[in-house]
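Trainee: Dumping the structure here so I can ask a few things about it.
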Amino acid sequence: MRKDPFPVDTLISEEDICNLSRERKFISKEIQLGHKVLVFGKRNTGKTSLVKNVIAAQWQKKEKKAIVFYVDLYGVKNITQVTARVANAYSWALKRNQPLKGIGSTIVDVLKSFRPVMKIEADGTPTLSLDLDAKRPEHSLYELFSKFNNLYEKDVSILIVIDEFQEIHGIDECEGIFRDTLQNLNPNIPVIIMGSKKHLLSLMFTEPKAAFFSWGQHVEFSVIDYKEYYEYLKDRFNEVKLSLSYEDSIVIQDLMLRNPEAINRICSWIFSNPPSNKRIDSTYIHFALGELVEGRRSAMEEYLKQFTPAEDRVMAIFAKEGGVIKQPMKKDFLKAADVSVSGMKGIVIKLENDAVLYKEKEGYVFADALLKQHLVKFR
Ligand SMILES: Nc1ncnc2c1ncn2[C@@H]1O[C@H](COP(=O)(O)OP(=O)(O)OP(=O)(O)O)[C@@H](O)[C@H]1O
Ligand SMILES: [Mg+2]
C-alpha cells in the first residue's frame, strides 16, 4: 500500500513541503551571514518543519564543527520552566552533535548546575532530563547562553533557534533577560526566533518600546499561492490515478482557509477514501469535509471543553457568520451570545490569545477551518 502523501501531526520533511522556497532562500542566506531572523506566521504553516528539518539541517552539513541549538518554549509559564527547557535543549543539542572534540569540559561545566532526573514515560520508556537550581533560574539561563560564546571561541559554529518565542511575553522579567542574553552573544552567532501569534510578537518586536524593537530581519509565512498548491495536490493525487481540476483545488484551499495542515487533513481523508469514479470534484470534496468533521467530533468537543459557555456561544456565532468578522461588537452578536460589550471584548482578546481567531486587516478570521466547520455543524 502507498504511503499517505499528506502527513499531519508531525514535522514534515523537505519533499513534503509545498513551496516556501522564497522563505527558505532568504533565511538560509541570513544565517550564513551570522544574522538574526524573526520568523512568524499563522499556526501550521510549516515554520518549524522548514527551519528545523531543512534550513538548520543543511546549514549544519555545510559547517565543519557545528551545533544546532533548538528550543521550543510552547506553554512555558514561568522563568524556571523557560530555563529548564533551555537546559534540556542544550544537553540534547550536545548529545546529538557528539563527538565535538575539545568541548567536553565546557559541557561538564555547564551541566554541573543541573540535577539529572529520571522519568518514566506513559509507555514505560525511561527518559533522563535535567532539573535546575530553582533558586536562581535566570542565573542558569545567563550561564547557558554564555557557554555558546565559549563554544564559538573554540571554533564550533552555532545556530540558535528559539521556537514559540511569544510564550515568554508577560512572564515577569523574561523578555529583559532574553534581550540581555541575546545582546551578549557573540555577534557572529546566527539566531532564528519563531512564533505563531503575530499580535503578541508585534508587541515584543515592533512597538517602539518593545524589548526586541528593531531586532533582526522579519520573515512572514503567508498563504501559499493557489497555483503552487494546485500543482502540489494534483501531483500527489495523480500518483494514485485520482484527478483534481484547478477549480476544485480552489474549493479545497478555500474551505480549509488556505491552511496547509487543514488542507493535508482533508486530502489525507480523500486519499484513504477515494471516489469510485476517480474524480475529486466539488460534491466529493464537500462530502469528504462532512465525514472528516464527523470523524473528529469527539476530539473537537474535548478541545472545546477548555472554553466557557459564553466563549463557546461567541465562537459558534462567529463560525456561522461565514467569512470575515468585521465588527465583533455588533449588537446582533451581543444579543445572540447574551454577553455585554465588555464581556465580548474580553472574549475576543482571549480567542485571539489562544490563536482561535486571527486579526487581519478586514476583521477577525478563524485559524482552524475544521473547528469552524465543527461549530457550524454541531452548534
Ligand atoms: N508548506 C507546507 N506544505 C505541506 N504541508 C504543510 C506545509 N506547512 C505546514 N504543513 C502541514 O502543517 C503541519 C504542521 O507543520 P509545522 O509544525 O512545521 O508548522 P508550524 O508553522 O511550525 O506550526 P505551529 O505554529 O503550530 O508551530 C504539518 O504536519 C503539515 O501537515
Ligand atoms: Mg512550529
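Trainee: Which residue fluctuates most in the GNM of the chain (Cα springs below 10 Å): 281, 248, 332?
Mentor: Among 281, 248, 332, the largest mean-square fluctuation in the Gaussian network model of the chain belongs to 332.
Trainee: In segment 224-259, what trypsin sites (Lys or Arg not before Pro) fall in a loop by DSSP, with at most 12 other Cβ atoms inside 10 Å?
Mentor: Here the trypsin sites (Lys or Arg not before Pro) that fit, given the DSSP loop and packing criteria, are 241.
Trainee: For a paramagnetic label modelled at 7 Å from the Cα of residue 2 toward its Cβ, which residues of segment 276-305 fall within the zone defined by backbone nitrogen distances under 20 Å?
Mentor: Inside the label zone: 276-282, 284-285, 288-289.
Trainee: Which residues' amide hydrogens lie under 5 Å from the amide hydrogen of residue 41, considering only partners 5 or more residues apart or on another chain, with H built in the peptide plane?
Mentor: Excluding prolines and chain starts, which carry no amide H, the hits are 195, 221.
Trainee: Please turn the phi angles of segment 193-207 into ³J(HN,Hα) values with the Karplus equation 6.51 cos²θ - 1.76 cosθ + 1.60 (θ = phi - 60°), one per residue in order, whole Hz, x for glycine and proline.
Mentor: Karplus values, whole Hz, x for Gly and Pro: 10, 10, x, 10, 10, 4, 5, 6, 4, 5, 5, 8, 10, 10, 5.
Trainee: On to the next question. What is the chain's relative contact order, in percent, from Cα pairs under 8 angstrom and six or more apart in sequence?
Mentor: Relative contact order of the chain: 19 percent.
Trainee: Next up: Compute the longest continuous run of the chain that contains no exposed chymotrypsin sites (Phe, Trp or Tyr not before Pro); treat a site as exposed when its DSSP state is not H, G, I, E or B and it has at most 14 other Cβ atoms within 10 Å.
Mentor: Between exposed loop sites, the widest span is 214-379.
Trainee: Another question, if that's okay. Going by the alpha-carbon gyration tensor, a ≥ b ≥ c the square roots of its eigenvalues, is segment 307-378 rounded (a/c under 1.5) or, if a/c is not under 1.5, prolate (a/b greater than b/c) versus oblate?
Mentor: Note, shape of segment 307-378 comes out rounded.
Trainee: Also, I was wondering about something else. Filter the trypsin sites (Lys or Arg not before Pro) in segment 1-39 to those in DSSP coil with at most 10 other Cβ atoms within 10 Å of their Cβ, and list the result.
Mentor: 2, 3
Trainee: Please give every one of the lysines within straight-line cross-link reach of residue 209, meaning a C-alpha to C-alpha distance under 18 Å, and leave out same-chain neighbours fewer than 8 residues apart.
Mentor: 198
Trainee: What is the order of 174, 18, 267, fewest Cβ neighbours within 10 Å to most?
Mentor: Lowest count first: 18, 174, 267.
Trainee: Could you pull out every residue, at least 5 positions away or on a different chain, whose amide H is within less than 5 Å of the one on residue 161? Hs are placed 1.01 Å off N in the peptide plane, and Pro or chain starts have none.
Mentor: Excluding prolines and chain starts, which carry no amide H, the hits are 69, 70, 71, 192.
Trainee: If eta is 1.306 mPa s and T is 10 °C, what Stokes-Einstein diffusion coefficient results for the chain, Kirkwood Rh from Cα pairs, in µm²/s?
Mentor: 69
Trainee: Within segment 264-302, name every residue whose backbone N is under 16 Å away from a label modeled 7 Å from Cα of residue 247 along the Cβ vector.
Mentor: Counting only backbone N, you get 279-286.
Trainee: Could you work out the relative contact order of segment 226-295? I mean the mean sequence separation of Cα pairs under 8 Å and 6+ apart, divided by the number of residues, in percent.
Mentor: 34
Readers should treat all values here as calculations from the given coordinates under stated rules, not as data from a laboratory. It should be emphasised that the depicted structure is a prediction, and the values quoted were computed from it without experimental measurement. Here the Cβ is made from the backbone with ideal geometry for all residues, glycine too, and neighbour counts use every protein chain on show.
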